[in-house]
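Report on the structure given below.
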Amino acid sequence: MDYTKFDPDELILRDHLALDRTILANERTLLAYLRTALFLVVSGVSLVKLFPDSAALVGLGYAAIVTAIMVGALGVWRFRVMHKRIEAARRPKKASQ
């Protein structure tokens, strides 16, 4: 959502509370991404360590670890993008001269 169309100086209490809820939802989403990445890392390491003789399971374990890194990076990237948008909506616009 494009928050640039809102004038921060004209926001009312309801709007500020909605932005606060959006911030909390953004943080909750980041934690979900990180939880998923952690699960994938644990699963991948477990497969590699428990089944060292099975090439297919070791390969699956390494694939899970690589996927975990990508999921974690995607979560952090999405969090930062949304955080910048939210902060732009909260920041008062400079008066045009």
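Here, each number is a calculation from the coordinates, and none is a lab measurement. Because the structure is a prediction, the values reported are computed rather than measured. Every residue, glycine among them, receives a Cβ derived from its backbone with ideal geometry; neighbour counts consider all protein chains shown.
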### Query
Tell me, which residue of the range 30-71 that is among the hydroxyl-bearing types (Ser, Thr, Tyr) and assigned to a helix (DSSP H, G or I) is farthest from the chain's Cα centre (by Cα)?
SER46
### Task
Sort out which residues of the range 26-48 are within 15 Å of HIS83 (Cα to Cα), among the hydrophobic types (A, V, I, L, M, F, W, C) and either surrounded by 18 or more Cβ atoms within 10 Å (Cβ to Cβ) or in contact with a His (Cβ under 7 Å, 6 or more places away or on another chain) (or both), and write them in order of number.
LEU30
### Message
Can you go through ALA18, ALA88, ALA73 and tell me which one is in contact (Cβ under 8 Å) with a residue 60 or more places away in the chain and aliphatic (A, V, I, L, M)?
### Response
ALA88
### Subset of the range 44-95 (residues that are under 20 Å from ARG28 (Cβ atoms) and among the acidic types (Asp, Glu))
GLU87
### Query
Looking at (1) touching a residue at least 24 places away in the same chain (Cβ under 8 Å); (2) surrounded by fewer than 16 Cβ atoms within 10 Å (Cβ to Cβ), can you tell me which one ILE65 breaks?
(2)
